[in-house]
Structure formats: C-alpha cells, structure tokens
Amino acid sequence: MQTRAIPSTGELLPVIGCGTYIGFDRAPGTPEFGRLPGVLEALFAAGGSVVDSSPMYGKAEAAVGELLAASGQRSRAFLATKVWTTGRAAGIRQMEDSLRLMRAGTLDLLQVHNLVDWKNQLATLRQWKAAGRVRYIGISHYTAAHYAEVEAVLRAEPLDFLQINYSMEDRQAAERLLPLASERGVAVLVNMPFGGGRLLRSLRGQPLPSWAGGIGCTTWPQVLLKFALAHPAVTCVIPGSGNAEHMAQNVQAGMGNIPGLEFWRDKDW
C-alpha cells in the first residue's frame, strides 16, 4: 500500500484505513462481531494501519480494543478516536474511557469530534500530547454546514490532523479546507468517501467506466477511494466497513496507480 507523510512529523501513514461507524458497533458473541476480526486482518495484511472510532459509535471502541487484544496486533494499528462531550472534566472522563475501552496506553490520534466544545477539549488534548498520552491531535466534522467554523479553527489552532467529508458527490472541502490544511501542514483523514452510502447506491448496477481498469479498479468503491486520494492534501481515506470482503477490496485502492486531480476533470460518469 502507498503511504503519505503526516506533515507535522514526516511519519508515513498508509493511504487506506478503516472507519468503525455502524460496522463495529457490535457486541461480543454476536454473528456480526464474529466477522470483525476478518476486517482488521484484511486491513493489516494489505499494509493498512489506521482504525478510526469515536464514543459516538456505540460499542465500536470496545470492539476495536477487544479485537486488537485478542489478535495481539495493537502494534500494527494507528489507533484514532475522538472526544465528543461538553466541559473539561467530562472530556477527560470520556478520553480515559476511550483508553480503557480500546485497551491502549497511548492513542495515536485524538480528535475533537464535530468541534463539540472544541476550545476546552483542545486545551486538554494539548496537555495529553505533552504528557505522551496521545501522539497527534486534531478536529473532525462531516457536514459542509459547519465548514466556516472548521476553517476558523484550522486557521487559528496548531493541529496535526483534520478529518473531513470528501467524495465524488460532495467536493466542497476541496474549495477551501483541503488547500488550507496543506498550507497549514495538517494531515487529512477523509470520511464518508462513499457519500454515507448514497453514492454507492446510485452507482449500483452501473458498469464501471472503461478507464477504471487502467487505474487498477475492479469495483466502484475502489474508483471512489482513488478519487478521494487524488487530492494531494489527503493523507488517508477511512471507509467504514464491518465486512471483511469489502475491506479486502477497499485496500486495493491504495495500491498501484493513484492518478492526480487532472485525471478526473474530464471523466464521464
């Protein structure tokens, strides 16, 4: 899998990761939980590492922690989660819970989820980073309605990561946020590369374009992931999945030819 550098340190990050929204909100002992080890195995086998979660995602943090502990593969994961609450004390309690649930002494990335109480939470994140409890800090959002606030925080605060939505059907982040992240030396995680599933549903049953094979794509998800990776500001794309077969297909988008923005400008969909 190809890698891209985290601007603040130069550390290389594989370009396809795994989001845990919905797919990892599963209880141990259920058939759905029993399928999750294969998802992480497919990610790691392909050279991926980013596993992104949040307290907002139900049982997902606990599922990730249990799966990594059972497989002994914590060292292969770039473990990211978020703080999603109001107030300094509540934020600290939630972050401590995340460490416990994910069974991690140190988190690779902590993000202020949807900018909730971001001033208080970022202050704590900086303290945790200085203490070595988290390696990188950032902010996240998933809707263009809040881009102005995201931009203001990105301009004002030194951050390691921005997580934002970006897809073939929703390109607004490329107008200001992605160039600004590049200018500010901030790594970008892309969420919702399939438009929350809407985009894939709209493409269901349609044949792949004739040019898809030339960039190593055999599925529509791979095409959409390569589109997101075309932007030079994007560091890693994190499609959500609780299906090992889908994960095994998704990671292929991080390999071979990843064409730049110019390639996509004249493509007929």
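Observations on the model:
Rundown of residues vs (1) in a loop (DSSP other than H, G, I, E, B); (2) free of Cβ contacts under 8 Å to residues at least 40 places away in the same chain, yes/no style:
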site	(1), (2)
Ser8	yes, no
Leu13	no, no
Arg26	yes, no
Gly38	no, no
Leu43	no, no
Glu61	no, no
Leu79	no, yes
Thr86	yes, yes
Met95	no, yes
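- Of the helices (runs of 4 or more DSSP H) lying entirely inside the stretch 146-222, the ones with 2 or more residues being farther than 21 Å from Ile22 by Cα and without any contact (Cβ under 8 Å) to a residue 40 or more places away in the chain are found at 147-156, 177-184.
- Some residue of the stretch 176-188 being modelled with pLDDT of 95 or more, more than 17 Å from the chain's Cα centre (by Cα) and surrounded by 22 or more Cβ atoms within 10 Å (Cβ to Cβ): no
- Checked against the criterion of being in a helix (DSSP H, G or I), over 14 Å from the mean Cα position of the chain (by Cα) and without any contact (Cβ under 8 Å) to a residue 60 or more places away in the chain, the stretch 107-115 has at least one qualifying residue.
- For Gly65, the test of being assigned to a helix (DSSP H, G or I), farther than 16 Å from Arg133 by Cα and at pLDDT 95 or above is passed.
- Applying the criterion of being more than 17 Å from the chain's Cα centre (by Cα) and modelled with pLDDT under 95 to the residues of the stretch 237-259, the residue that is surrounded by the fewest Cβ atoms within 10 Å (Cβ to Cβ) is Asn257.
- Filter result for Ala104 (closer than 26 Å to Glu11 by Cβ, small (Gly, Ala, Ser) and in contact (Cβ under 8 Å) with a residue 60 or more places away in the chain): no
The values are calculated or read from the model by the stated rules, or taken from the named source; none is laboratory data. Note that the structure is predicted; figures quoted are calculated from it, not measured. Reconstructed Cβ throughout: ideal geometry from the backbone, glycine too, with neighbour counts over all protein chains shown.
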